[in-house]
Structure formats: C-alpha cells, structure tokens
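This report refers to the structure that appears directly beneath it.
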Amino acid sequence: MMQVRSDLLEAFWVEWFGPEPRELGDPVRWIAPNPADLLELAPESQGPVFMSVNYYEAPNTVSSIDKLFFDFDHEDLNLAWEDARVFAHRLRTYYGIEPLLCFSGRKGYHLYAFLERPIGRDLSPDHLKAIYDRLQRMLIGRGEYPTLDRAVLGDVKRLARVPYTRHEKSGELCVPVDMERRPVLLLPGFKQAYREHGVPYSLTVQAARQITEEILDKSTKRRRMPSQRRRLEGMRPCIAAAINSSHMDHKMRVAVAAELHADGWSEPRIIDAFRGQGDFNPKVTAYQVRSVIRGGIKPFRCSTIQGLGGCLGDSCSIYRWRKRKGGEKNW
C-alpha cells in the first residue's frame with residue numbers, strides 16, 4: 001500500500017484544486033470557493049471524494065475549461081489499462097501531450113489532458129460544452145477504445161474521483177501511475193509541467209473556430225462562410241471541392257497542397273485550408289505541407305486526380321470541355 005506524507009498530500013490537493021472555485025461532492029454537490037473544503041474532506045473521508053474536472057462560477061455553471069477527462073473502465077482491469085495506454089501513446093505521438101494517468105481505485109483508469117491555456121470566462125456555458133466535446137473527439141480521432149466510457153464525452157460538468165483518496169468499495173487508493181502502472185507521487189509544481197506539455201492552444205483555437213463556423217453555417221444554411229468560398233474562386237473545381245470536404249485521403253491532400261502552392265498560397269494559408277478535415281492535426285499538416293513544398297511537387301494532372309477518385313465528372317466545367325475536345329486520353 002502506498003504511504004504518502006500528509007504535507008505532500010495537502011500540497012497536491014491544493015494544487016489539484018487550483019485558483020478558482022470547484023464543485024465538490026457526490027451525489028450532493030456544492031461550490032467550494034477554495035481548497036479548504038477539499039483539505040477538510042479528503043484526509044478524513046473513508047468514502048468517495050469527488051471534485052469537478054473544471055472550474056465553476058456558480059452551481060451547475062462551468063466558468064472555464066482546465067483539463068479534459070477520459071475514463072477507461074472494465075471488469076478486466078488489464079483491458080482498461082491497454083486502452084488507456086494506447087490512447088496515452090497517441091496523445092504523445094501526434095499532439096505532444098503528456099497525459100496524467102490515474103488508477104481509479106477499482107476497475108479502471110482515468111486519463112487527464114491539461115489544456116496548455118485554460119479557456120472560458122468570455123464564453124457561454126453552451127460554447128464551453130461544445131468546445132470541450134470537440135477537443136475530446138479530436139484527440140480520440142478514429143481510435144477504437146472499447147473500454148472508454150462514452151458518457152464522459154462532452155460532459156464539461158463532470159466530477160471525478162480525487163487522486164490519493166480511497167475508493168469506497170475496494171478501499172484502494174485512486175492514484176497516479178506511470179506507463180508501467182506503478183504508483184507515483186506528484187510533487188509541487190506538477191500542474192505547470194503538465195500544462196507545458198498540454199493540449200496545444202492552437203488545437204483549442206481550432207476547435208473554437210470549428211464550433212463558431214458551424215453555428216454560422218447553421219444560421220445562414222450555408223456549408224462554408226462566403227470568405228472561404230471567395231478564396232477558392234479561380235481554382236480547379238475538384239481542388240475546391242476537396243477543400244470543402246470533411247475528409248481527403250493522403251494523395252488527394254498532396255494534390256491540394258501542390259495546387260495551392262503553385263497558385264501562390266503561403267505555407268500558413270495552405271495549412272489553414274485543411275482545417276475543415278475531421279482529423280486535422282496542425283503539426284502533422286504543417287510537416288506534410290512543407291514536404292510538398294520542399295519536394296517541388298507539381299500540380300497533379302486531371303487524369304491523376306481522376307485516378308484518385310477526386311474528379312467531379314460532368315459537374316466540372318474543365319471535364320466537360322475536355323470531353324467535348326476529344327475524350328480523356330490526353331488529360
């Protein structure tokens with residue numbers, strides 16, 4: 001059983017609570033304006049101690065997003081761990097995020113991804129909820145995690161078991177663990193370390209932009225904002241259609257990047273053109289765009305794009321013109 005000095009535990013709980021109010025409790029919930037309630041509750045409780053993942057300004061009202069919470073749960077603890085481990089590896093590899101893993105105390109693992117910069121204050125509760133949900137789903141991507149509790153997705157008001165408190169059924173500690181599943185003690189200053197390797201602020205901005213665009217699109221019943229459509233005027237219809245889609249395969253992305261570079265688009269502008277893709281990753285996209293530019297890849301011929309499945313057929317004026325001029329053999 002893990003033994004921890006009381007002064008270190010108190011230091012951890014104060015830092016875990018943070019500088020703004022939280023909700024404590026379960027099932028009865030109340031607003032705690034500072035860590036005092038947590039410090040009183042946690043050491044004495046032989047039952048569950050739960051605290052809101054994010055900051056609150058009033059009962060049932062989240063004020064800002066501090067971190068994202070994921071819960072992997074299964075009767076077979078090894079299955080829950082495997083999903084949590086694979087997901088943690090994905091966050092490190094693709095986003096540079098260092099997640100915090102915790103044994104729940106019974107049959108699962110919690111994973112926290114701190115935001116590089118907490119957001120909120122000027123955003124409505126509905127907007128915060130939408131951004132929280134979008135960030136979670138962006139990080140999950142197309143990954144299959146059978147033990148992930150999907151109920152946590154979008155639950156910006158979620159309360160989670162406080163680390164270094166005991167599970168009421170098993171009597172085991174909810175405790176942070178390393179990648180070997182060994183219990184660890186988080187020392188003062190841990191939160192800043194996780195923030196420095198947290199969810200990139202650029203990803204948070206991307207999620208917020210997507211939400212805002214979707215709200216505008218819904219209100220105007222347009223799939224893309226007029227400014228975006230104007231930027232696409234003058235390019236081949238198949239390239240414009242690919243940019244307006246939510247998914248392109250790798251070769252079509254190369255075709256789009258090569259086309260935009262040849263049209264004089266800057267590297268940041270080309271990267272921004274891929275933000276509508278469901279799996280958009282700013283770091284990966286920047287690397288791929290630079291590879292296209294440095295590799296001197298030229299715009300793809302129409303026949304090549306047709307072979308990739310990107311041709312619009314009779315919906316494309318270029319296709320119709322070439323068809324009238326004698327078929328496709330010299331495209």
Scanning segment 274-325 residue by residue, those in contact with a Cys (Cβ under 7 Å, 6 or more places away or on another chain), within 19 Å of Ala262 (Cβ to Cβ) and not in a helix (DSSP H, G or I) turn out to be Gly310, Cys311, Cys316
Residue pairs within 8 Å by beta carbon, gap of at least six or interchain, first lying in segment 12-26 and under 9 Å from Leu159 (Cβ atoms), second assigned to a loop (DSSP other than H, G, I, E, B) and modelled with pLDDT under 95, listed first then second, are Glu23/Pro59; Leu24/Val49; Asp26/Pro48
Q: Would you confirm whether any residue within segment 270-284 is outside the structural domain of Leu308 (by TED's automatic domain parsing), at pLDDT 90 or above, under 30 Å from Ile65 (Cβ atoms) and surrounded by 12 or more Cβ atoms within 10 Å (Cβ to Cβ)?
A: no
Quick count over segment 47-60, residues being closer than 21 Å to Val162 by Cβ, without any contact (Cβ under 8 Å) to a residue 60 or more places away in the chain and not hydroxyl-bearing (Ser, Thr, Tyr), is 2
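Determine whether Leu115 is more than 20 Å from Ser52 (Cβ to Cβ) and buried (at least 20 other Cβ atoms within 10 Å of the Cβ).
Spelling it out, it is not the case that Leu115 is more than 20 Å from Ser52 (Cβ to Cβ) and buried (at least 20 other Cβ atoms within 10 Å of the Cβ).
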Checking Arg117, Arg161 in turn, the sole residue that is at pLDDT 95 or above, in the same structural domain as Trp81 (by TED's automatic domain parsing), of a type in the set (Lys, Arg) and touching a strand residue (DSSP E or B) at 6+ places or on another chain (Cβ under 6 Å) turns out to be Arg161
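Criterion first (assigned by TED's automatic domain parsing to the domain that holds Val184 and surrounded by 18 or more Cβ atoms within 10 Å (Cβ to Cβ)) does Leu79 satisfy it?
no
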Listed by first then second residue, the pairs whose first member lies in segment 90-107 and is farther than 15 Å from Lys67 by Cα, whose partner is of a type in the set (Ser, Thr, Tyr) and surrounded by 15 or more Cβ atoms within 10 Å (Cβ to Cβ), with beta carbons under 9 Å and at least 6 positions apart or on separate chains, are Phe103/Tyr109; Gly105/Thr165
Across segment 30-49, the tally of residues that are part of a strand (DSSP E or B) and surrounded by 18 or more Cβ atoms within 10 Å (Cβ to Cβ) stands at 1
- If we scan segment 61-83, do we find a residue that is within 23 Å of Leu203 (Cα to Cα), in contact (Cβ under 8 Å) with a residue 24 or more places away in the chain and part of a loop (DSSP other than H, G, I, E, B)? no
Restricting segment 243-267 to residues that are of a type outside the set (D, E, K, R) and more than 13 Å from Pro299 (Cβ to Cβ), the one modelled with the lowest pLDDT turns out to be Ser246
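Condition check ((1) among the basic types (Lys, Arg); (2) under 14 Å from His110 (Cα atoms); (3) buried (at least 19 other Cβ atoms within 10 Å of the Cβ)) across all residues:
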residue	(1), (2), (3)
Leu128	no, no, yes
Tyr132	no, no, yes
Asp149	no, yes, no
Val156	no, no, yes
Ala160	no, yes, yes
Gly171	no, no, no
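The values are calculated or read from the model by the stated rules, or taken from the named source; none is laboratory data. It should be emphasised that the depicted structure is a prediction, and the values quoted were computed from it without experimental measurement. Every residue, glycine among them, receives a Cβ derived from its backbone with ideal geometry; neighbour counts consider all protein chains shown.
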